[in-house]
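Visitor: Have a look at the structure that comes next, please.
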Amino acid sequence: GSSCHDSTALLSSSLPLFFFGHKTVHLSTKLKINKYIFSNSVKEMECNSRTSNFPCDFDLEYQTGFGNHFSSEAIVGALPQGQNSPLICPFGLYAEQISGTSFTSPRKLNQHSWLYRIKPSVTHEPFRPRIPRHEKLVSEFNQSNSSATPTQLRWKPVEIPERPTDFIDGLYTICGAGSSYLRHGFAIHMYTANKSMENSAFCNADGDFLIVPQKGRLWITTECGRLQVCPGEIVILPQGYRFAVDLPDGPSRGYVAETFGTHLQLPDLGPIGANGLAAPRDFLVPVAWYEDGSRPGYTIVQKYGGELFTAKQDFSPFNVVAWHGNYVPYKYDLSKFCPYNTVLMDHSDPSINTVLTAPTDKPGVALLDFVIFPPRWLVAEHTFRPPYYHRNCMSEFMGLIYGGYEAKADGFHPGGASLHSCMTPHGPDTRTYEATIAPGNEAGPHRIADTMAFMFESCLIPRVCPWALESPFMDHDYYQCWIGLKSHFSGLSMNEDNVDLQKGKPIER
């Protein structure tokens, strides 16, 4: 293991303290430490001496699986055996539960974890409104803070700010529906940032975050451990977990979907059968890792009802030495997705590419689907292969991580976004349509390569925030991509029967 606090490195209860950079590392002087682990500890010390805001870039260990009951300990024996909350926990730790569902939710839906930490998270000063206020976060959508519009919308990639901006300050809401107070709805955000979070952690009390980085890696420290998330991967940070975001590559940009009142899960596969799409084993969960020692002035920033509050404490919230449960942060590499597609005719619905879904009480209706359009083969015969022209009772927000999107030859760039709301028509632009029909039925198999687009799709109708509508990155000429579509109707040049049909006369056979 490469983590300084990995359980393979710590095998004794006799644990003096060694300090590596700003981290506190417990090692037994009576045990022989694996040379590989020690070399990585030294490597982290050296890296922290250069950049104290984030851990060094080395391979992190993960647990695998989706929805499993996981267990992890940074010190062997830190997890209590036989019960969750003993009178005295091993090593003098505090037991603390975090519940992502109500206590009485059915067992198959119940999500919770037990954390064993050096100090409990309750040890902080009272929360106070964060000053200055963050004016661009919304979690309750109504006429006072957002607008309804059926117009197709598109945004160009947003530039990285010049002033120092971390993940919290760089986060802003684009659109959404419902209310975090009523525990039903969603919000779609974007972020641009250029600095790591300093002596602070973020906690979202409103809902789960699904983060899709488009530019720059994210090093995310959570109470369960650490994750590295690259463009082309996603990370889910459940409601209530505290986390910090560091930017090893500097400028960073991406997309965030937030769900209120329900959690993401793998979609049912139906006739596909037991395999395909996103495999449970490809989801990665961090292993226990902790910080100890005094951290004066450490700030917890909590998002609650779309507003930000802060509380001070004198220790890091990442002081969890061991944990177990099924309510955990996790990540997924989109390149591992196994797509299914047409092998004879017609274009499959985009639902065939669903990675994760947040369901509603109505079967088959999603509060939010996360759908991707990865590299794949197109082989359908006598078929218009790009997405067909469409009006949908669902609303679709699209983003592009890299490459191009098959239905938009022009104007849709990595880091950009589009929104097609309920029953608003949309589909391929003029250039894509003309290029697709030009070869006729002689078109052979074609592989879509070097691309990764995605869609957040919801049954709710989104309202759009004013700063998104007024953004200098709004593409006001988006509608022009369809204006050039011309009629290819050939009825007037066909036989007399068709002429009679145009006049409303029945055709006799």
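The values are calculated or read from the model by the stated rules, or taken from the named source; none is laboratory data. Keep in mind it's a predicted model, so treat the numbers as computed, not measured. Neighbour counts are summed over all protein chains in view; Cβ atoms, including those assigned to glycine, are modelled from backbone coordinates with ideal geometry. The accessibility values were calculated without ligands, DNA or RNA, using every heavy atom of the protein model including side chains. Shrake-Rupley method; radii C 1.70, N 1.55, O 1.52, S 1.80 Å.
Visitor: Report the Cα-based extents of the stretch 363-487 along its three principal axes, largest first, to the nearest Å.
Guide: 47, 37, 29
Visitor: Fully extended, how many nm does the chain gain between SER351 and SER294 (0.36 nm per residue separation, minus their Cα-Cα distance)?
Guide: On the way: separation 57, 0.36 × 57 = 20.52 nm, distance 4.92 nm.
Extending this stretch completely gives an extra 15.6 nm.
Visitor: Please compute the length gained on full extension between ALA279 and ASN110, using 0.36 nm multiplied by the number of residues separating them and subtracting their Cα-Cα distance.
Guide: Stretched out fully, the ALA279 to ASN110 stretch lengthens by 58.7 nm.
Visitor: Can you tell me the FRET efficiency between ILE88 and HIS390 if r is taken as the Cβ-Cβ distance and R0 is 51 Å, rounded to the nearest 0.05? Can you show the working numbers first?
Guide: Details: r = 61 Å, r/R0 = 1.20.
Efficiency for this residue pair is about 0.25.
Visitor: Farthest toward the dipole's positive end in the stretch 363-483, which of SER458, MET398, HIS382, given Cβ charges of +1 (Lys, Arg) and -1 (Asp, Glu) about the Cα centre?
Guide: The residue sitting farthest along the positive end of the dipole is SER458.
Visitor: So, one more: Which value, in debye to the nearest 20, gives the size of the charge dipole of the stretch 294-418 about its Cα centre, when Lys and Arg are +1 and Asp and Glu are -1 at the Cβ?
Guide: On the way: 10 positive and 11 negative charges, 76 e Å.
I would put it at about 360 debye.
Visitor: Along Cα→Cβ, 7 Å out, is where each label goes; now give me the distance between the ones at VAL122 and ASP314 in nm to one decimal.
Guide: 1.9 nm
Visitor: Could you work out Rg/(2.2 N^0.38 Å) for the chain, with Rg from alpha carbons only?
Guide: Details: Rg = 25.8 Å, N = 509, 2.2 N^0.38 = 23.5 Å.
Compared with the compact-globule rule of thumb, the chain sits at 1.10.
Visitor: Next question. How far is it, in nm, from the label point at TYR340 to the one at TYR402 when both lie 7 Å from their Cα along the line to the Cβ?
Guide: In this crude spin-label approximation the distance works out to 2.8 nm.
Visitor: Also: Report, for the chain, the % of DSSP beta bridges that are antiparallel, rounded to 5. Intermediate values should be presented prior to the final figure.
Guide: Values: 111 of 117 bridges.
Close to 95 percent.
Visitor: So which of LYS108/LYS362; LYS119/LYS312; LYS136/LYS408; LYS331/LYS362 end up more than 20 Å apart, counting from Cα to Cα? Numbers along the way, then the final one.
Guide: Values: LYS108/LYS362 18 Å; LYS119/LYS312 14 Å; LYS136/LYS408 29 Å; LYS331/LYS362 27 Å.
Check vs 20 Å cut-off fails for LYS136/LYS408; LYS331/LYS362.
Visitor: Sequence gap at least 6, Cα distance under 8 Å: using those rules, report the relative contact order of the chain to the nearest whole percent. Could the numbers behind the result be given before it?
Guide: Numbers: 1216 pairs, mean separation 86.9, N = 509.
It comes to 17 percent, rounded to a whole number.
Visitor: So for the stretch 113-201, taking the charge dipole from beta-carbon charges (+1 Lys/Arg, -1 Asp/Glu), which of MET197, TRP114, CYS175 sits furthest toward the positive end?
Guide: About the Cα centre, the residue reaching furthest to the positive side is TRP114.
Visitor: Based on the Cβ-Cβ distance of ALA205 and SER490, what FRET efficiency does E = 1/(1 + (r/R0)^6) give at R0 = 51 Å, to the nearest 0.05? Mind showing how you got there, number by number?
Guide: Working: r = 60 Å, r/R0 = 1.17.
Using R0 = 51 Å, I get an efficiency of 0.30.
Visitor: Here is a further query. For the stretch 80-152 and the stretch 289-338, write down the distance between their C-alpha centroids in whole Å.
Guide: Going from one Cα centre to the other spans 10 Å.
Visitor: Related question: When only C-alpha pairs under 8 Å and at least 6 residues apart count, what is the relative contact order of the stretch 58-197, in percent?
Guide: Numbers: 146 pairs, mean separation 21.9, N = 140.
Relative CO of the stretch 58-197 lands at 16 percent.
Visitor: Related question: May I ask you to order 297-308, 367-378 by the average number of other C-beta atoms within 10 Å around their residues, highest value first? Can you show the working numbers first?
Guide: Numbers: 297-308: 17.8, 367-378: 20.8.
Ranked from most to least packed, the peptides come out as 367-378, 297-308.
Visitor: Something else about it: Treat every Asp and Glu Cβ in the chain as -1 and every Lys and Arg Cβ as +1, leave all other atoms uncharged, and give the resulting dipole magnitude about the Cα centre to the nearest 20 debye. Kindly include the intermediate steps, with their values, before the conclusion.
Guide: Values: 42 positive and 50 negative charges, 208 e Å.
Here the chain has a charge dipole of around 1000 debye.
Visitor: Moving to a separate point now. In nm, to one decimal, how far is the ASP249 label point from the PHE473 one, both placed 7 Å along Cα→Cβ?
Guide: Computed distance between label sites ASP249 and PHE473 equals 1.6 nm.
Visitor: Another question, then. Per the Debye formula with a single identical scatterer at each Cα and no solvent contribution, what log10 I(q)/I(0) holds for the stretch 80-140 at q = 0.20 Å⁻¹?
Guide: -0.92
Visitor: Additional query: Can you tell me the dipole magnitude for the stretch 55-192 around its Cα centre, using point charges on the Cβ only (Lys, Arg +1; Asp, Glu -1), in Debye to the nearest 20? Intermediate values should be presented prior to the final figure.
Guide: Details: 12 positive and 12 negative charges, 115 e Å.
The calculation lands at about 560 debye.
Visitor: Let me ask something else. Pick out, from PRO414, ILE75, THR259, the residue whose Cα sits farthest towards the positive end of the charge dipole of the chain, with +1 on the Cβ of Lys and Arg and -1 on the Cβ of Asp and Glu.
Guide: Positive-most Cα among the choices belongs to ILE75.
Visitor: Under a no-solvent Debye model with one identical scatterer per Cα of the stretch 284-432, what's log10 I(q)/I(0) at q = 0.13, 0.16 Å⁻¹?
Guide: For the stretch 284-432 at q = 0.13, 0.16 Å⁻¹, log10 I(q)/I(0) is -0.85, -1.07.
Visitor: Right, another one. How much accessible surface does GLU198 have with a 1.4 Å probe, in Å² rounded to 10?
Guide: Accessible area, nearest 10 Å²: 100 Å².
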